[in-house]
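Right, one structure below, let's go through it.
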Amino acid sequence: MTDVPNTSPVTAAATTASPVVFSSPTPSAAGHAEGVSNDEFRAAMSRLASGVVLVTAQEPPLDPDDPRAPRCEDVGMTATAFVSVSLDPPLVLVSLREGSRMDDLLAEQPLWAVSVLAESQRHIAGRFAMKGRVSDRLLFEDIPYTRGEATGACLVGGALATLECRTEQRVTAGDHTLVIGRVLTARVPSADGGPLTYFRGRYRHLG
């Protein structure tokens, strides 16, 4: 029969055994000390349906004083983390992966635009979600767009709504940057069709 050690305070104090050390939770392989893994977090958040937008901005020329320097280049990025923040003043927020091309661009360029994509524009969302591309110039070639009066950024034709914004604040949040912008113009150019949505890792439409 195995003896059960006496763990009363008196006996414990009299023993010479090493004290018990309570360590803090060990970070998981995904790096979360609280116990939730990246996969668990992604799976939970994938159940939250969201709209899909195209964020656009103009990359300024390398040397604006040199007429021979390359002209401005249009840059676009598909985003699902886009929300309204305030009505007075009108503010919106978009979440950008830290160090992404759009994050680096909006750190220098305060003017940008958002096109709320329609369900028929899934191909646009997929195109601008591709990783590792060097230039966005070719991606805009066969997409109808106009230039925003306030920002000069591309506004996608057929979008359910378009907004032009000026950055008011940038907030670092984990591995993302939250860009808060004041809305300079807001238009509803198309009332036809439903919104493009993103749910459980796929683009979808209502109904």
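Evaluated on the stretch 51-197, the Kirkwood hydrodynamic radius is 15.5 Å, with distances taken between all distinct Cα atoms. Around the amide H of Glu168, modelled in the peptide plane, lie the amide H atoms of Ile180, Gly181, Arg182, all under 5 Å away and 5 or more residues distant in sequence or on another chain.
Phi angles across the stretch 144-160 convert, under the Karplus curve 6.51 cos²θ - 1.76 cosθ + 1.60 with θ = phi - 60°, into 3J(HN,Hα) values of x, 7, 10, 9, x, 5, 8, 10, x, 7, 6, 10, 5, x, x, 5, 5 Hz, Gly and Pro given as x.
Annotation for the stretch 113-130 versus the stretch 182-205: alpha-carbon center distance of 9 Å. In this label model, Ser84 and Arg133 are separated by 3.0 nm, measuring between points 7 Å along each Cα→Cβ vector. Hand me the GluC sites (Glu not before Pro) from the stretch 135-170 located in a DSSP loop with no more than 14 other Cβ atoms within 10 Å, in residue order please. Passing sites in the stretch 135-170 are Glu141, Glu149.
A short reminder: the numbers here are calculations on the coordinates, not readings from a lab. Because the structure is predicted, anything quoted here is derived from the model rather than measured. We place every Cβ from the backbone using ideal geometry, glycine too, and count neighbours over all the protein chains shown.
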